[in-house]
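The values are calculated or read from the model by the stated rules, or taken from the named source; none is laboratory data. Worth saying up front: this structure is predicted, and the values here are computed from it rather than measured. When we count neighbours, we look across all protein chains shown, and the Cβ atoms used for this are built from the backbone with ideal geometry, even at glycine. For the accessible areas, the whole protein counts, side chains as well, though only heavy atoms, and no ligand, DNA or RNA atoms are used. Shrake-Rupley method; radii C 1.70, N 1.55, O 1.52, S 1.80 Å.
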Amino acid sequence: MPEIALTQAPAHVRMGSSIGQPLTRREGVLKTTGAARYAADHHPPGMAYAALAVSSIARGRVVALDVAAAKDHPGVIAVMTPANAPKLALDPDAKLHPFMFRLDVLQNDKVRYANQPIAVVVADTLEAATEGAALLAPRYETEPARVGLDGHERFAPQAVGAGRPAEESHGDVEAGLASASRRIETVYETPGQYHNAMEPHAIVAAWDGDTLTIDTPSQGMAFAQDRIAGLFGIEPTAVHIRSPFLGGGFGSKGLISGPQILGIMAARLVGRPVKLVLQRAQMYGPVGHRAPTRQTMRLGADDQGRLTALSHHVHTATSAFDDFVEPAATVSHALYASPAIRTSHEAVRIDTGTPLFMRAPGEAPGSAALESAIDEMAHASGMDPLRFRLANYADVEPISGNPFSSKALRQCYEQGAERFGWSRRPLAPRQMRDEAGMLVGWGMGTATFPAIMFEGHARAVLRRDGTGIVELGAHDMGQGAWTALAQIAADSLGLDLGRIEFRSGTSDLPDAGIAGGSAHTATAGMAIHGAGADVIARLADLATGDSRSPLFGAGNAGVIARGGRLFRRDNEAASESYADILSRAGRDVIEGHGSGRVDPAAQAAYAMHAHGAVFAEVKVDPDFGQVRVTRLVGAFAAGTIVNPHMVRSQYLGGMIWGVSFALHEQAVTDRRSGRVMNANLADYHVPVNADVPSIEAILVEERDIHVNALGIKGVGEIGVTGTAGAIANAVWHATGVRVRSFPITLDRLIEP
Ligand code: MOS
């Protein structure tokens, strides 16, 4: 039965009976029956359809649009261009904080990237709107597109990712390299990638005076609310967002995008509710992507295979008009002990939509390079790659010198290696073949991702009948948040899961914080935990202060909440039901509130990361260079596992994205036009079932008493880290060919 003990004991031991259960998705039936409503499923009365027209050039100006032709098309209601677009209360190019991206929302005729919105056509039907947009036949004044990493002025960014310094170091890297007995200097390249969530960005917007109701997928409703309110000059509370389910986000729905704002503007222009859904191709521009990187790794090691220096330099790209720099080198702070480490970033400005957080931003491309370089250094040192990693195991976070709040990486290495059969791996490459003559290779990579928390809030209510309500505007983007958070909610109130009502998914509920940075379960979970504890504390006051209660005099510290009853801690024979306590006190409900946020003191004292080890087997056709991942084993440690079923699913999904990174995904940009040429899911490859025949995730036990009271680290993104490197290393081990350019396609393998 669920239990919450109100004592000063470390909270990580307060494991109730819902936390830790491998429950299936609570909204699974809704989703499999089609009853779950996604943003684009909404059709308010009188709704019109909007279609975007987007630019086919990457830089210049729109000089003409055939608005008359579009307007003449039957069913077209309005054509929104810079000439008639509603003016905004805030310049969409203003940047008041780093999480406010500059948006292209028809306030001028400039084109800053391909696929930028240049007009919106609103019609009675989707077909009419789409045809109207096609009739606009834009003419441009075109300037040459700046494309690729080379030939542009490089600059050192002020910050990378969510605000880390672009350059960090400890020790003397050049001296470390000079003193090394072995050195490598290698360059790895990763391509531009697009989030490609199954659900495109969509919005259904309805104005009622200055009140706005929208259905739109969001990984951060409070952020979206503020952004929208600022642009339209209304109060954030006048913006009602419903976002119960997301068909994937991967970071691209973390900040409200230009097209979503355009949907709201179109609704204002025509005075009707409007639906705007991006076409797949239109998602390659205005809704973020992962920028390409070129990463130079310089490593030195001594005779024992211990690193003497590690330098990780990243050259990447951002847009011509905004700042987001992929923090690819930061992974090198956290992973391997070295007396000297230097990480640095520089960027160029090109004519692209602004890059954005995407599936382990920084760590995904950064660990692909670092784990490849570590493998190359192990080989240069004549050492098994696992032995090499253990020789460089970081007992404290290398660059800060802080102890880890917890780190079960050794156990991840052990359990993963054991399960995979790593000890049978020949040291030299090109030693193994299968019965069909395919080259077989084994590789490994270390996974890591920081344990982050944002800020979130929750409300809990206990009702007189002994049932509870827990509510917060949390985001289920497929990761299982509604299940995991409901489990935490049940334990927080000391109730069975069936006795609580979990309400979520709208901005009118308490702000649950961002579903990103793998931080949602920790942040929202701690908010819920706090709200439940607040309720139970108030309930305990009612009982322990009342001489008619069997709990009279027990005091808060001596009460346990479990299964809808409070028990004396020192004498469990004395107990009373929630319903009895409430009815005697004449109370219908007790309400409590809680917040989740990182403890700054703990964060300053400890390095907080989840860890893992990924082992990969590949088979490579010796004639054609075709690569198949035939086995993947990942072992991960991420503190408290709220729901092993959901967590395993997150790890598997992350590892599949790692396969995608290693072998499939790349945006190909036309150097002349600056357009992405494979802007569709036929040509932009992601793995399908046949690409991941055998994949396993091991949940390594880890207790963390510092990250937060529930001991929860994140699990959403770590799976992609380490995996791409493990596969690249396996390809090398199979073939003896080192491909340093991702994805590892057969042409690169045949002619690296
Ligand atoms: Mo994630 S890239 O923080 O949604």
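Which chymotrypsin sites (Phe, Trp or Tyr not before Pro) does the stretch 576-684 hold that lie in a coil by DSSP with at most 10 other beta carbons within 10 Å?
Answer by residue number: Phe624.
Percent of Cα-Cα pairs per 10 Å bin, from 0 to the last occupied bin, for the stretch 631-720, please list those.
P(r) for the stretch 631-720, in whole percents per bin: 16, 36, 24, 16, 8, 1.
Over the chain, with every protein chain in place, what whole percent of the accessible area is carbon and sulfur at 1.4 Å, could you tell me?
Answer for the chain is 50 percent, counting heavy atoms of protein chains only.
For the stretch 593-752, build the convex hull from the C-alpha positions and give me its volume per residue in Å³.
Per residue, the Cα convex hull of the stretch 593-752 comes to 179 Å³.
Under 29 Å between alpha carbons, and skipping anything fewer than 8 positions from Lys275 in its own chain: which lysines qualify?
Reachable lysines: Lys31, Lys71, Lys87, Lys95, Lys110, Lys253.
Taking +1 at the Cβ of each Lys and Arg and -1 at the Cβ of each Asp and Glu, which of Ser181, Leu652, Leu681 sits farthest along the dipole of the chain towards its positive end, judged by Cα position relative to the Cα centre?
Checking the options against the dipole of the chain, the answer is Leu652.
Once every DSSP H run of n ≥ 4 in the chain is given -39500 (n - 2.57) and the sum is divided by its residues, what mean residue ellipticity at 222 nm do you get, rounded to the nearest 500 deg cm²/dmol?
The helix contribution divided over the chain gives -7000 deg cm²/dmol.
Step through the residues of the stretch 500-505 one at a time and calculate ³J(HN,Hα) from phi using the Karplus curve (6.51 cos²θ - 1.76 cosθ + 1.60, θ = phi - 60°), rounding each to whole Hz and writing x for Gly and Pro.
Per-residue couplings from phi come out as 10, 9, 9, 10, 7, x Hz.
Over all distinct Cα pairs, what is the inverse of the mean 1/r for the stretch 219-304, reported as the Kirkwood hydrodynamic radius in Å?
For the stretch 219-304, the Kirkwood estimate is 15.9 Å.
Viscosity 1.567 mPa s, temperature 4 °C: what is the translational diffusion coefficient of the stretch 413-484 from Stokes-Einstein with a Kirkwood Rh over Cα pairs, rounded to a whole number of µm²/s?
The calculation lands on 71 µm²/s.
What are the ³J(HN,Hα) values, in whole Hz, obtained from phi via the Karplus relation 6.51 cos²θ - 1.76 cosθ + 1.60 with θ = phi - 60°, for each residue of the stretch 150-164 in sequence order, with x given for Gly and Pro?
9, x, 10, 5, 8, 9, 8, x, 5, 8, 10, x, 8, x, 7
Restricting to bridges with both residues inside the stretch 608-700, how much of the DSSP beta-bridge set is antiparallel, in percent to the nearest 5?
Among the beta bridges of the stretch 608-700, antiparallel pairing accounts for roughly 70 percent.
With the other protein chains left in place, how much accessible area per residue, in square angstrom, belongs to the stretch 584-666 at a 1.4 angstrom probe?
Dividing the accessible area of the stretch 584-666 by its residue count gives 34 Å².
Let me spell out the model: positive unit charges on the Cβ of Lys and Arg, negative unit charges on the Cβ of Asp and Glu, origin at the Cα centre of the stretch 506-621. What dipole size does that give, in debye rounded to 20?
That gives a dipole near 320 debye.
Taking the Cα centre of the chain as origin, sum charge times position over the Cβ atoms of Lys and Arg (+1) and Asp and Glu (-1), and report the length of that vector in debye to the nearest 20.
340
Report the accessible area of Val627, computed with a 1.4 Å probe over the heavy atoms of all protein chains in place, in Å² rounded to the nearest 10.
For Val627, the solvent-accessible surface is approximately 20 Å².
Binning every alpha carbon pair distance of the stretch 534-630 at 10 Å from zero, what are the percents per bin?
Binned Cα distances yield the sequence 13, 28, 12, 14, 11, 9, 8, 4, 0.
What nm distance separates the two modelled labels at Ser577 and Arg280, each placed 7 Å from Cα along Cα→Cβ?
It is 5.6 nm.
Out of Thr318, Val287, Met297, whose Cα points farthest toward the positive end of the dipole of the stretch 233-355 (charges: +1 Lys, Arg; -1 Asp, Glu; placed on Cβ)?
Val287
Fully extended, how many nm does the chain gain between Ala178 and Asp670 (0.36 nm per residue separation, minus their Cα-Cα distance)?
172.9 nm
About its Cα centre, what dipole magnitude does the stretch 208-352 give when the only charges are +1 on Lys and Arg Cβ and -1 on Asp and Glu Cβ, stated in debye to the nearest 20?
360
Ordering Leu96, Leu246 by accessible area with a probe of 1.4 Å, largest first, what comes out?
Order by accessible area, largest first: Leu96, Leu246.
Please return the longest stretch of the chain lacking exposed loop sites, where GluC sites (Glu not before Pro) count only if DSSP places them in a loop and at most 14 other Cβ atoms lie within 10 Å.
With a cap of 14 other Cβ atoms within 10 Å, the longest stretch comes to 154-434.
Considering the Cα trace of the chain, what is its radius of gyration and what is Dmax, both in angstroms?
Every Cα atom of the chain included, Rg and Dmax give 27.2, 85 Å.
Where q = 0.12, 0.15, 0.17, 0.18 Å⁻¹, what log10 of I(q)/I(0) comes from the Debye formula for the stretch 184-258, counting one point per Cα?
Relative scattering, expressed as log10 I(q)/I(0), comes to -0.41, -0.55, -0.66, -0.72.
Report the antiparallel proportion of the DSSP beta bridges in the chain as a percent, rounded to a multiple of 5.
Taking every DSSP beta bridge with both residues in the chain, the antiparallel ones total about 75 percent.
The stretch 663-752: which trypsin sites (Lys or Arg not before Pro) are DSSP loop and have at most 14 other beta-carbon atoms within 10 angstrom?
Here the trypsin sites (Lys or Arg not before Pro) that fit, given the DSSP loop and packing criteria, are Arg671, Arg672, Arg703.
May I ask which residue of Ala129, Val620, Phe404 lies farthest towards the positive end of the charge dipole of the chain, with charges of +1 (Lys, Arg) and -1 (Asp, Glu) on Cβ and the Cα centre as origin?
Val620
Output wanted: per-residue J couplings in Hz (rounded whole) for the stretch 357-367, from phi through Karplus 6.51 cos²θ - 1.76 cosθ + 1.60, θ = phi - 60°, x for Gly and Pro.
Running phi through 6.51 cos²θ - 1.76 cosθ + 1.60 with θ = phi - 60° gives 4, 8, 5, 6, x, x, 4, 5, x, x, 6 Hz.
Relative to a virtual label point 7 Å from the Cα of Arg139 in the Cα→beta-carbon direction, which members of the stretch 47-77 show backbone nitrogen distances below 18 Å?
Flagged as within label range: 55-57, 60-71.
Tell me, what is the percent relative contact order of the chain, built from C-alpha pairs under 8 Å that lie six or more residues apart?
17
Binning every alpha carbon pair distance of the stretch 290-396 at 5 Å from zero, what are the percents per bin?
Bins of 5 Å from zero give 2, 13, 23, 21, 15, 10, 7, 5, 3, 0 percent of pairs.
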